Each structure stands twice: as C-alpha cells, then as structure tokens.
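Trainee: Here you go, one structure.
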C-alpha cells in the first residue's frame, strides 16, 4: 500500500462572513490578523488564508494598503504559506477583489468557481445586537445579493495572475463548480495539481451532509483523477465533522474563524490557533501527520515564499 500523504491544514483567520459583534475573538485590526495568522502557524497550520478588514469598523476591506499592514509581519515571523483571497466580499467588484493578489503575487490565492446566492441573513436569528451600523445591513442584504463569479471574471483572474506563478485554492461550493474548474483545466488556464477546496454548509451551496461530501469527492475524482488535491471546509457546526470525513477519505482540511466562530456546541473559539490545535489532534488521532509549510509547498508545487512581492 502506498504511504499516506501528510494532511494540509489551512486556517482562514478572519474572512468576510462574520461581523465583529458576533465574537470578541474575531481578528479585525492588522495587528490582530497578523497575530492570529502567526498563532495558527505555530499551532500547526500549513497555510493561512487571509482577508483584510477596516480596523475601525471591522468591515471587509480589500485595499492592498490594508494587506500591506500585515503580510510582511506574518512572513517574517513564520514559514507558513500565505494565501490571499480573490473572493473578498460579495459586496465588492471583481476589480476590487483582485487588486491585492495582482500586487503582492502570493504563492497561492483563493478563486471561486461560480456565481451564487450566499445567504448570511439566517445569522440574524442568533445575533441581534450589533456594535457597528453596517453589520445588520450586510447580513440582511444577503437575501437579495448575488456573489458574482462569472466565467469571464474567473478567466480574468487566471490570466492576470498567469505570469506571476500564483497557484489557486479552487473554491467549489457545488457540483457545477467542479465542472467549471474542469473547463479551465481543459483550456490550460488552471494547471495540475489542482487544489480543490470544497465548501459545505453555506446557504446557496451544497449542504454539509456526509452524502454531500461523498458526492463532491466522487465527482472530483472522476473529473481530475490523480491530478488534484482535495480539501474541505465546513461552515459553522459542519466544521469538524466535515474535516474528519475528509481526512478519513484521504483529503485535507480547512478551519478558522472565517468558517466557524465555534470550538464546540455553544462555545466560541478563543482563537484560530485553538481550532488548528483541535484539527491537528484530529489528524494525529487517526494516525496521520500534518504537513509542514514546506511539505505543503511540495505537494501543491508552489513557487516558494522567495518569489512573492511582499
């Protein structure tokens, strides 16, 4: 039997889904984001996935200036692979979302594979008091908001980054997104090994049932064979069950406060590092090992931290 490959653990430290009033532990300022990423790396994350926020209000902020306030700090203090989002937030234009990746040329960036409903408004049933004026409107507005990722948008991001050597965490929220990815692989705009990040439990995408996870993996196997790496993220309460299922099926996983604010039923996670530690314990309890950042670079064939522009 072939030796089992080590598990890549990604940590998405802040994202654009949750708002500051939902948890006092959500990183908002550049210093908080940097410390969260460093803590996640020290806990064992192979990759940290990064968004930026306005330090005063906590609103999503995709300006390169904001990223510039923490990218070098994280790079200087860790060897972790730094992944910059092109997803930003559903309220942003594609041009706005692409600017940080185009400027900083990271080893890897996230890339969403389709336009979709992205329903955040059910969180208003749990959270009713907000510190900042934008928070309630942001959540409520998701009832009528489309997260835009057209075929032309995807092609624009891929071609803009083609000469930079940036690879992509391909975010697939449904089965059709896998077929969209296969289309761009066939055209040569996405090159193997393809890093598929399957997303479960977002309202508007595939659910978090074990059969959904199996269906996503089975379809990816058929489309990409042995030329891809599979990872998962489960939103909210789906986080750890989906992560465990992925590891048992030979895949990788993503955790972090972008995807879930919780560490257990009714218990807010106090840090991203706490979730990474739990994920690492899960992997090791199954007799497997977490990949170091350099091992993740080798598995995903990344260009290396010495070839980024930060």
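Trainee: Are any residues in region 146-175 under 19 Å from the mean Cα position of the chain (by Cα) and assigned to a helix (DSSP H, G or I), and if so, which ones?
Mentor: Across region 146-175, the qualifying residues are 153, 154, 157, 158, 161, 175.
Trainee: Would you mind listing the strands (runs of 3 or more DSSP E) fully within region 207-310 where at least 1 residues are within 30 Å of residue 122 (Cα to Cα), without any contact (Cβ under 8 Å) to a residue 40 or more places away in the chain and touching a strand residue (DSSP E or B) at 6+ places or on another chain (Cβ under 9 Å)?
Mentor: In region 207-310, the matching strands (runs of 3 or more DSSP E) lie at 228-234, 262-264.
Trainee: Answer yes or no as to whether residue 50 is in contact (Cβ under 8 Å) with a residue 40 or more places away in the chain and within 15 Å of the chain's Cα centre (by Cα).
Mentor: For residue 50, the condition - in contact (Cβ under 8 Å) with a residue 40 or more places away in the chain and within 15 Å of the chain's Cα centre (by Cα) - is not met.
Trainee: Within region 189-205, can one find any residue that is assigned to a helix (DSSP H, G or I) and farther than 24 Å from residue 245 by Cβ?
Mentor: No, region 189-205 contains no residue that is assigned to a helix (DSSP H, G or I) and farther than 24 Å from residue 245 by Cβ.
Trainee: Would you check if there is a residue in region 110-120 being part of a helix (DSSP H, G or I) and buried (at least 16 other Cβ atoms within 10 Å of the Cβ)?
Mentor: no
Trainee: Okay, moving on. Restricting attention to region 184-199, and to residues there that are touching a helix residue (DSSP H, G or I) at 6+ places or on another chain (Cβ under 8 Å) and closer than 16 Å to residue 115 by Cα, which single residue is surrounded by the most Cβ atoms within 10 Å (Cβ to Cβ)?
Mentor: My answer is 198.
Trainee: For region 91-106, which residues satisfy the criterion of being surrounded by fewer than 24 Cβ atoms within 10 Å (Cβ to Cβ) and either at positive phi or assigned to a loop (DSSP other than H, G, I, E, B) (or both)?
Mentor: 91, 92, 93, 105
Trainee: If you scan region 132-145, which residues turn out to be surrounded by fewer than 19 Cβ atoms within 10 Å (Cβ to Cβ) and either assigned to a loop (DSSP other than H, G, I, E, B) or out of contact with any helix residue (DSSP H, G or I) (no Cβ under 6 Å at 6 or more places or on another chain) (or both)?
Mentor: Answer for region 132-145, where residues must be surrounded by fewer than 19 Cβ atoms within 10 Å (Cβ to Cβ) and either assigned to a loop (DSSP other than H, G, I, E, B) or out of contact with any helix residue (DSSP H, G or I) (no Cβ under 6 Å at 6 or more places or on another chain) (or both): 132, 133, 134, 136, 137, 141, 144, 145.
Trainee: Mind telling me which of the residues 150, 166 ends up being loosely packed, with under 15 Cβ neighbours inside 10 Å and on the phi < 0 side of the Ramachandran plot?
Mentor: On inspection, the qualifying residue turns out to be 150.
Trainee: In region 56-66, how many residues are touching a residue at least 40 places away in the same chain (Cβ under 8 Å) and over 16 Å from the mean Cα position of the chain (by Cα)?
Mentor: Residues flagged as touching a residue at least 40 places away in the same chain (Cβ under 8 Å) and over 16 Å from the mean Cα position of the chain (by Cα) within region 56-66 amount to 4.
Every read-out reported here was derived from the displayed coordinates using simple, explicitly stated rules and does not represent laboratory data. Nothing here was measured: the structure is a model prediction, and the numbers come from that model. Don't worry about glycine lacking a Cβ; one is built from the backbone with ideal geometry, like all the others, and counts go over all protein chains shown.
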